[in-house]
């Protein structure tokens, strides 16, 4: 640890709040991302982060420097998130709320209804020092598919997998963070990896995923926007892969395959409506804020935010969130005509 950091720790331990802020500020954003991976919710992650910082401030007198300050903060954040996950229990899904439309029969009912999108703008400036044992690329480990799969795993397995395979902490460091043995950490990691293989698409198939910002991705994004804003359901469906999946937290409805997803869009894309899309990015993926209004004009009301997953053969994943997430992206709930 540098002399400057040592001096700040001494000042902070003596009650200097500004010194404490200077110590933790470089780690704030990466800790929020860590909490988001564990909890799947931006709001829950922010709550856990604030709890982490308060706990660190209150407990700083006990920090003896046996690990880095960053590792110590991750220890606190991980345990705050574990407590949050254990206390949360099963959360109720939101009921279908689109008036005058009866949704088609879903392919299945999803369980991860608390999932929220993570704005890419929150990742700006995050420079996470990664250990030598990283197993996942950072873009992959923030994707909606990855974060969703984490929510299915038992909490302790989630913590071990993120700390070991995403951040690259050594097994001994993780054992110390969790007050566990190295053997139990290795066992939990093995089970967590097996769970992810079951719940995530085949990683060998990820080569077919389009690179973020690539010309191929930009072209498909433009095609999707053109089809959706034109209200052409057939053109939208033509862009879907045969195994496309659609989910819509906090609703539990999920649709699998082009036919099922096509029926859904056939119902919600009503004649006489005009759809406007505002591009953004979430979880390292293309996203659109969606606004609609009638041909008569008037206020354009936000209907939600859709996050898209693209392969070279089309749109393979669609996650639709309601309009409550728009403010996190700096977007209004409605737009003037």
Can you give the calculated 222 nm mean residue ellipticity of the chain, where each DSSP H run of n ≥ 4 adds -39,500 (n - 2.57) and the sum is split over every residue, rounded to the nearest 500 deg cm²/dmol? -13500 deg cm²/dmol
Counting only C-alpha contacts under 8 Å and six or more residues apart, can you give the relative contact order of the chain as a whole percent? 16 percent
Scattering curve values for segment 212-335, log₁₀ I(q)/I(0), Debye with Cα scatterers, q = 0.17, 0.21 Å⁻¹: -0.87, -1.36
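In the chain, what is the volume of the convex hull around the alpha carbon atoms, normalised per residue and reported in Å³?
Output value, Cα hull per residue: 147 Å³.
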Taking segment 140-200 and dividing mean pair separation by its residue count, relative contact order in percent (alpha carbons under 8 Å, at least six apart): 39 percent
Helix 258-268 versus the longest principal axis of the chain: what is the Cα-based angle in degrees, 0 to 90, to the nearest 10? 70 degrees
Principal axis dimensions, segment 229-294 - Cα atoms, whole angstrom, descending: 31, 27, 23
For an R0 of 41 angstrom, estimate the FRET efficiency from the Cβ-Cβ distance between residue 66 and residue 101 and round to the nearest 0.05. 0.10
Helix 182-199 axis, angle to the chain major axis (alpha carbon atoms, nearest 10°): 10 degrees
For segment 140-200, inverting the pair-averaged 1/r of distinct alpha-carbon atoms gives a Kirkwood value in Å of 11.4 Å
Would you mind calculating the gained length between residue 322 and residue 54 on full extension (0.36 nm times residue separation, minus the Cα-Cα distance), in nm to one decimal? 93.3 nm
Highest mean first, how do 252-262, 190-200 rank when packing is the count of other Cβ atoms within 10 Å averaged over residues? 252-262, 190-200
For segment 1-89, place one equal point scatterer on every Cα, skip the solvent, and apply the Debye formula. What is log10 of I(q)/I(0) at q = 0.14, 0.18, 0.19, 0.21 Å⁻¹? -0.48, -0.74, -0.81, -0.95
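Here, each number is a calculation from the coordinates, and none is a lab measurement. Given the structure is predicted, the values throughout are model-derived calculations rather than measurements. Methodologically, a virtual Cβ is constructed for each residue, glycine included, from the backbone with ideal geometry; neighbour enumeration extends over all protein chains shown.
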